1. Plugging the Kirkwood radius over Cα pairs into Stokes-Einstein for the chain, at a temperature of 20 °C and a viscosity of 1.002 mPa s, what D comes out in µm²/s?
2. Counting helices only, and only those DSSP H runs with n ≥ 4, report the 222 nm mean residue ellipticity of the chain as the sum of -39,500 (n - 2.57) divided by its residues, in deg cm²/dmol to the nearest 500.
3. Expressed as a rounded percentage, what relative contact order does the chain have, with Cα pairs under 8 Å and six or more residues apart?
4. I need the shape label for segment 27-75. Rule: rounded when a/c is under 1.5, else prolate if a/b > b/c, else oblate, with a, b, c from the alpha carbon gyration tensor.
5. If the elastic network links every pair of Cα atoms under 10 Å, which of 34, 22, 176 fluctuates the most in the Gaussian network model of the chain?
6. Once the Cα atoms of segment 119-216 are picked out, what are the Rg and Dmax in Å?
7. For residue 5 paired with residue 31, estimate the spin-label separation in nm (one decimal), with each label point 7 Å from Cα along the Cα-to-Cβ line.
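No lab work stands behind these numbers, since they all come straight from the coordinates. On a predicted model such as this, the values are computed, not experimentally measured, just so you know. Here Cβ is always computed from backbone atoms with ideal geometry, including for glycine, and neighbour counts include all displayed protein chains.
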Amino acid sequence: MGVIMRGPVPIVRPEERVRHVEIPGRSGDLTETEGENIYNSYIQTASISVSGGFRVHDVYQWLRGAGYVTFSGEPDMRQAARIIGAVTLNKHSRNLDKWEGEVQFYCQPLKERLHQGAMNEIAQNGNVINHGDVIEKPDWSFTATATSALISVNGKSLTFTGLGIGNMYLIRSDVEMAMTADRLTDMTANTIGDFPDLAPGSNTVTGSGWNTINVWRRERFL
C-alpha cells in the first residue's frame, strides 16, 4: 500500500491486571492479582507516511478492522490487534505527494511467534517444551485405545470417558471443551479434572487410553 513507518514503535511489556485494596487503619494497600498470567491490552501508536496524495482514501480503507500486526522491533512475533480511533493524514509537501500521520493499534497483550511449529506428537510418558513466557493452553487430539482416556501433565490430570475405541477426539484447553475430532459432538460433560496446559519450560505428559497424542501449539510471549 506504500505506507512507510517513520520510526520504530516501542517494545511493550503489558501491564498485569491487579486490584488495589485499602485496609482501614493501615498504611498503604494490598495488591491482588486477578489471576495467573492475566494482563491488560494496550495501545501502540505508529507514525506513518504515505506517498501519492491520490492514494490517501485507499489507505484509509485499508487501515481499518482487526487482524494480526508485526512491528519491526520484534519481527518474529505477531499479536492480535484492532485499529481504533481516527486515522489522520496531514499534507507534508506543497504538491500533495507526501502525507504523514499516526495509526493507533489496540493490541492484545500476549504475542505469538510468526512461524511457530503447528503440532507436536507425543508418545506416552513423553516431554514437551513450552518456550513461551506464560502458561500455554493448546489443543490436544488423540485416537482412543480404550473407552476412557487419562491425560496428565505435570501431575494435573483430566479423565475423558464414553469413548469409542478407534475414534478420534479433541480437547481444547483454552475454552475447556472436549469433543469428537470433527467438532460435531460436544463431550465436555464426559470429562473430570483439570484441562491440560503447559507451564513455561519442560512438561511431562503421561496417560492411558491412547498411544500418541497431538499437541497443537499456542505458545505466548510477553
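1. This corresponds to a translational diffusion coefficient of 102 µm²/s.
2. Helix-only estimate at 222 nm: -1000 deg cm²/dmol.
3. Relative contact order here is 21 percent.
4. On the way: a/c = 3.24, a/b = 3.04, b/c = 1.07.
In terms of gyration-tensor shape, prolate.
5. Of the options given, 22 has the highest mean-square fluctuation.
6. Looking at segment 119-216, its Cα Rg and Dmax stand at 12.3, 37 Å.
7. Between residue 5 and residue 31, the simple spin-label model gives 3.0 nm.
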